[in-house]
Structure formats: C-alpha cells, structure tokens
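Notes for the one structure printed next.
The values are calculated or read from the model by the stated rules, or taken from the named source; none is laboratory data. Everything quoted here is computed from the prediction, not taken from an experiment. FYI the Cβ positions are ideal-geometry reconstructions off the backbone, even for glycines, and counts take in every protein chain you see.
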Amino acid sequence: MLQFKMASAGVTKLSKPQMRGLLNSQITRNLVGALVCSIGAGLAFKFLVGEPRKKRYIEFYKNYDAEKDFERMRKAGVFQSVTFMAIKEEIYKCI
C-alpha cells in the first residue's frame, strides 16, 4: 500500500520581518564592517608598504654622504647660487 504524508508536517513558520529599528541595525552592522575593513586596510598598508619603506630609508642612509652628493650636484650645475657662494668663499680665503 502507498502511504502519503501530509505536506503541512514539514512546513515551518517564517519569522516575522523586522519592522522597527531596521535602519539602526543596518547602520550598526555597516559601521562595524567599515571599521573592520579600515583597520585591516591600515594594517595591510603599514606592513606591506610602510615597513619596507622604512627599511629602504635606513639602508640608504647607512652609506649616504651628503657632502659628496652636494658636490656632484654643484658640478652638474643644479644650484644657481652656489657658484656665487664659491667665488665669495674664494675671495674671503684670500683676505
């Protein structure tokens, strides 16, 4: 024999939709999500960009000679007032 079960036995009631405070709950959820995302992005930037940049600066300044770099730029004619200052210094050395 065939046995049939009633369809209403497996049906559950739907929960009622939220009618009050929906905007507040959505705003709270969005603020929490935005906070988590911004903290994650900030930490990612710090560790993926900031820390390697600090290391490169430290490595650069370990063997950087400012006087040598200045002389190289002066000889290349980068500065407009240095030639005048060099002539002025030579004049005062003679005195």
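Things to note:
- Yes/no for ASN24 being surrounded by fewer than 10 Cβ atoms within 10 Å (Cβ to Cβ) and of a type in the set (S, T, N, Q): yes
- Here PHE79 fits the description: assigned to a loop (DSSP other than H, G, I, E, B), surrounded by 10 or more Cβ atoms within 10 Å (Cβ to Cβ) and either modelled with pLDDT of 90 or more or not basic (Lys, Arg) (or both).
- Cβ-Cβ under 6 Å pairs, at least 6 apart or on other chains, the stretch 33-50 side of a type outside the set (Lys, Arg), far side exposed (fewer than 10 other Cβ atoms within 10 Å of the Cβ) and modelled with pLDDT of 95 or more: none
- Test result for ILE58, more than 19 Å from the chain's Cα centre (by Cα) and at pLDDT 95 or above: yes
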